[in-house]
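Scroll down for the structure; my scribbles are underneath it.
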Amino acid sequence: MLKNEYLKSVFETVQKRNPSQPEFLQAVSEVLDSLEPLVEKDPIYISSGVIEAFVEPERLISFRVPWYDDNGKLHINRGFRVQFNSAIGPYKGGLRLHPTVTASVVKFLGFEQILKNSLTTLPMGGAKGGSDFDPKGKSDAEVRRFCQSFITELQRHIGQHTDVPAGDIGVGGREIGYMFGQYKRINDTWEGVLTGKALSFGGSLVRTEATGYGLCYFTQEMLKCLKEESFDGKTVVISGSGNVAIFATEKATELGAKVVALSDSNGYIYDPDGINLDVVKDIKLVRRGRINEYLKKVPSATYHEGCEGIWNIKCDIALPSATQNELDEAAAKTLIANGCIAVAEGANMPCTLEATQAFLDAGVLFGPAKAANAGGVATSGLEMSQNSERKAWTFEQVDARLKEIMETIFHNSIEAAEYVGRPGNLVVGANVAGFVKVADAMIAQGF
Ligand code: NDP
């Protein structure tokens, strides 16, 4: 609940201007809440009016996307791109293809992206986009026709120095390839206008592993600096079994931990001997199967229907890496009672506000998504650097940069938390550290 009168009035204006955008309003409210101790210490952020500009996107593009299905029937979808803030670099953020995509959703994600990108220390502004197109059940030709139509309109608004979209839900290597090809065809130029490309045409090594690896690098630094601890010998529970969860399992295991559980939207597996990741990779990455198939190869493990129960497993470290609001207050209290010492968010917003508060109140180390899962977009930034240089870095080079970036994100966030009088609170610290850099640039540029 906001107490500062100025921030309250900013939020009231945002509410009046965006009456039917609940996701966006929630994101703004949470960030303004974190900025309260900052504006009380540094009134320049009030007197300059920068926060009023910060909560208003520079540009919101909404457009029609016509495409034909395999039966020759015409469909019309709606496409969006919110170019939220370009103070510190070209707009950067993913494209989501999902029926739930609305202006409110892209604005919420674009707003968060400003702070996440700022935290990476790379010169990237904040943006997000997508469409209410549902790729599920569509043929390859239908996806291709949709992507080509989508980019035929969006291409006039993007470019390597203007706005560099990437993948998100429903947009992987295949979709990025179709969009990149259409951009190149229309503009007659080969430039790194999209990230997440295949390695043969400008993609970066480590992009696939980046979010999961980055999550572990961040957590390792948090454990070392705040508790003189490490992953070594710890029991870890990770939810999900997608891209983030699989590569977080790989890195945590490499760092000496034992990951004992993974899940999908049907249920979770528990393997007290430590998850055999080769089996999971085969199920999830090769055969696109269900997590309960793990028992066919590892009969000593157990499978439990329903994914929420995963948080009842006793562990030292929890890395929620599946989806939003998957870990509520009751689950947080169980983890705390079971002696969990650290939680870091691999997914976006996996912990409810009440769960986050419970962890902070209990002194559990807590790495918020904006900081802990920024490894994916950071590596997209490194793909942009490689494209500009016309060079491809080795796996080791990209991985070393990723590790350095994640450690820097931790230190910048913890220092910012200390600066505003909330020592150890990485939720406040990440928001403040991300905001200060962007706001100072906006003030210097006269917005
Ligand atoms: P994937 O689609 O690869 O995997 C998601 C996994 O979560 C799947 O195993 C899915 O299972 C499972 N899942 C979905 N809902 C639930 C649920 N209610 N309980 C348990 N498991 C569930 O996605 P990613 O791994 O790429 O992304 C996961 C999260 O991380 C998302 O919030 C995403 O926004 C965020 N993120 C991802 C980044 C990246 O680089 N990939 C970067 C930053 C954030 P099922 O197969 O049954 O659907």
Restricting the range 62-93 to residues that are among the basic types (K, R) and surrounded by fewer than 24 Cβ atoms within 10 Å (Cβ to Cβ), the residue that is farthest from the chain's Cα centre (by Cα) = K73
Just wondering, is there one or more residues in the range 104-117 that are surrounded by 24 or more Cβ atoms within 10 Å (Cβ to Cβ) and basic (K, R)?
-> yes
I317 versus (1) away from the ligand (no atom under 16 Å from the Cβ); (2) open to solvent by less than 20 Å² (accessible area, probe 1.4 Å); (3) on the phi > 0 side of the Ramachandran plot: which is the lone unmet condition?
-> (3)
Would you pick out the residues in the range 119-145 that are in a helix (DSSP H, G or I) and within 13 Å of the chain's Cα centre (by Cα)?
-> L119
Does G159 satisfy being in contact with a Ser or Thr (Cβ under 8 Å, 6 or more places away or on another chain) and either at pLDDT 95 or above or assigned by TED's automatic domain parsing to the domain that holds V364 (or both)?
-> no
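Do we find that I88 is touching a Lys or Arg at 6+ places or on another chain (Cβ under 7 Å) and without any contact (Cβ under 8 Å) to a residue 24 or more places away in the chain in this structure?
Here the answer is no, as I88 does not meet what is asked.
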Yes/no for G93 being outside any helix (DSSP H, G or I) and modelled with pLDDT of 95 or more | yes
Give the range 1-18 a look and list any residue that's assigned to a helix (DSSP H, G or I) and within 21 Å of A439 (Cβ to Cβ), or say none.
-> E5, Y6, L7, K8, S9, V10, F11, E12, T13, V14, R17
Residue list for the range 224-242, restricted to those being under 23 Å from N425 (Cα atoms) and buried (at least 24 other Cβ atoms within 10 Å of the Cβ) = V236, V237, I238
Which residues, taken from the range 301-314, are near the ligand (Cβ under 9 Å from one of its atoms) and surrounded by 19 or more Cβ atoms within 10 Å (Cβ to Cβ)?
-> C307, I310
Selection status of N325, within 13 Å of the ligand (Cβ to nearest atom), at pLDDT below 95, outside any helix (DSSP H, G or I) and touching a Ser or Thr at 6+ places or on another chain (Cβ under 7 Å) = yes
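Which residues, taken from the range 246-273, are among the hydroxyl-bearing types (S, T, Y) and either within 25 Å of the chain's Cα centre (by Cα) or surrounded by fewer than 18 Cβ atoms within 10 Å (Cβ to Cβ) (or both)? Don't jump to the end; show me each part of the working.
Of the range 246-273, the ones among the hydroxyl-bearing types (S, T, Y) are 249, 253, 263, 265, 268, 270.
Answer for the range 246-273, where residues must be among the hydroxyl-bearing types (S, T, Y) and either within 25 Å of the chain's Cα centre (by Cα) or surrounded by fewer than 18 Cβ atoms within 10 Å (Cβ to Cβ) (or both): T249, T253, S263, S265, Y268.
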Hey, could you check the range 208-255 for residues that are aliphatic (A, V, I, L, M) and outside any helix (DSSP H, G or I) and say which is nearest to the ligand (Cβ to nearest atom)?
-> I238
Just wondering, is there one or more residues in the range 274-286 that are modelled with pLDDT under 95, surrounded by fewer than 18 Cβ atoms within 10 Å (Cβ to Cβ) and of a type in the set (K, R)?
-> no
How many residues, within the range 349-404, are acidic (D, E), more than 16 Å from the ligand (Cβ to nearest atom) and under 20 Å from the mean Cα position of the chain (by Cα)?
-> 1
So which residues in the range 163-202 are surrounded by 16 or more Cβ atoms within 10 Å (Cβ to Cβ), in contact with a Ser or Thr (Cβ under 9 Å, 6 or more places away or on another chain) and not in a loop (DSSP other than H, G, I, E, B), if there are any at all?
-> D163, V164, P165, A166, I176, Q182, Y183
Regarding F435, is this residue open to solvent by less than 50 Å² (accessible area, probe 1.4 Å), over 17 Å from E209 (Cα atoms), part of a helix (DSSP H, G or I) and in contact with an Asp or Glu (Cβ under 9 Å, 6 or more places away or on another chain)?
-> no
Tell me, yes or no, whether the range 299-317 has at least one residue that is at pLDDT 95 or above and under 17 Å from the mean Cα position of the chain (by Cα).
-> no
Please work out which residue is most open to solvent (accessible area, probe 1.4 Å), limiting yourself to the range 366-419 and to residues that are out of contact with any Ser or Thr (no Cβ under 8 Å at 6 or more places or on another chain) and outside any helix (DSSP H, G or I).
-> R390
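The values are calculated or read from the model by the stated rules, or taken from the named source; none is laboratory data. This one's a predicted model, so the numbers in the text were calculated from it and none came from an experiment. Every residue, glycine as well, gets a Cβ built from its backbone with ideal geometry; the counts of neighbours run over all protein chains shown. When the accessible area is computed, the model is the full protein with side chains, heavy atoms only, and any ligands, DNA or RNA have been set aside. Shrake-Rupley method; radii C 1.70, N 1.55, O 1.52, S 1.80 Å.
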